[in-house]
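I have placed the structure first, in the form of structure tokens, so that the comments after it can refer back to it.
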């Protein structure tokens, strides 16, 4: 009986982790977000980023719509996305850099996705250490023995088959993405499938920062977001 008395509260504590959920998008306008309004708008109840091949909507650097109502440390974020052409992603535990000609510039962890078939689900560090886990990998990021300032990506094991993960992603349709960050442990899921699992033990690891949505430079693209929900321990 004493053992049960000790264990049950611990189980309850675990189940209530990330209990405080809030919506980051009101479905009507960009209240709480900041970015280039020539590129970002609300259409059909979704946050929509759109670029063109030429004219005002053609961009020459990646730019972002930044959530301005706080920062994140340990959290669970879920959202739905839809993309036509190009590449996008959600920045987390990130930081703003000086603005560029086309709007905010952000660096840090990115939950990547694209209209192609290679990068959706990976963990990429924008303006930083590059790819920290390919799709389907569990990795550990440590210091390079030759230069401690540089990262070394160690692949521990596979957490999924990249082709099976891609097959479950709907092209030009809505998909659900989940990001879980606790301490230096980071996980990405798309449509319920674990796509990347990273333990970041390098000095470059970030424990807190901003959230932002990406529009990628390059060919014309459209990306949409909805049902953006943040859970934290507070």
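The values are calculated or read from the model by the stated rules, or taken from the named source; none is laboratory data. Because the structure is predicted, anything quoted here is derived from the model rather than measured. Neighbour counts are summed over all protein chains in view; Cβ atoms, including those assigned to glycine, are modelled from backbone coordinates with ideal geometry.
The table below lists the values:
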| read-out | value |
| --- | --- |
| So residue 39, is it closer than 23 Å to residue 130 by Cα, crowded, with 19+ Cβ neighbours inside 10 Å and modelled with pLDDT of 95 or more | no |
| Among residues of segment 126-169, those that are under 18 Å from residue 207 (Cα atoms), in contact with a strand residue (DSSP E or B) (Cβ under 6 Å, 6 or more places away or on another chain) and touching a residue at least 40 places away in the same chain (Cβ under 8 Å), counted | 10 |
| Residue in segment 170-187 that is surrounded by 17 or more Cβ atoms within 10 Å (Cβ to Cβ), under 18 Å from the mean Cα position of the chain (by Cα), touching a residue at least 12 places away in the same chain (Cβ under 8 Å) and more than 19 Å from residue 108 (Cβ to Cβ) present | yes |
| Hits in segment 17-36 (condition: modelled with pLDDT under 95 and part of a loop (DSSP other than H, G, I, E, B)) | 17, 18, 19 |
| Unique residue being touching a helix residue (DSSP H, G or I) at 6+ places or on another chain (Cβ under 7 Å) and crowded, with 19+ Cβ neighbours inside 10 Å when the list is 135, 93 | 135 |
| Odd one out for residue 219 among (1) within 30 Å of residue 51 (Cα to Cα); (2) more than 15 Å from the chain's Cα centre (by Cα); (3) not in a loop (DSSP other than H, G, I, E, B) | (3) |
| Unmet criterion (only one of (1) under 19 Å from residue 35 (Cα atoms); (2) free of Cβ contacts under 8 Å to residues at least 40 places away in the same chain) for residue 119 | (1) |
| Hey, residue 76 without any contact (Cβ under 8 Å) to a residue 60 or more places away in the chain, buried (at least 19 other Cβ atoms within 10 Å of the Cβ) and in contact with a strand residue (DSSP E or B) (Cβ under 9 Å, 6 or more places away or on another chain) or not | no |
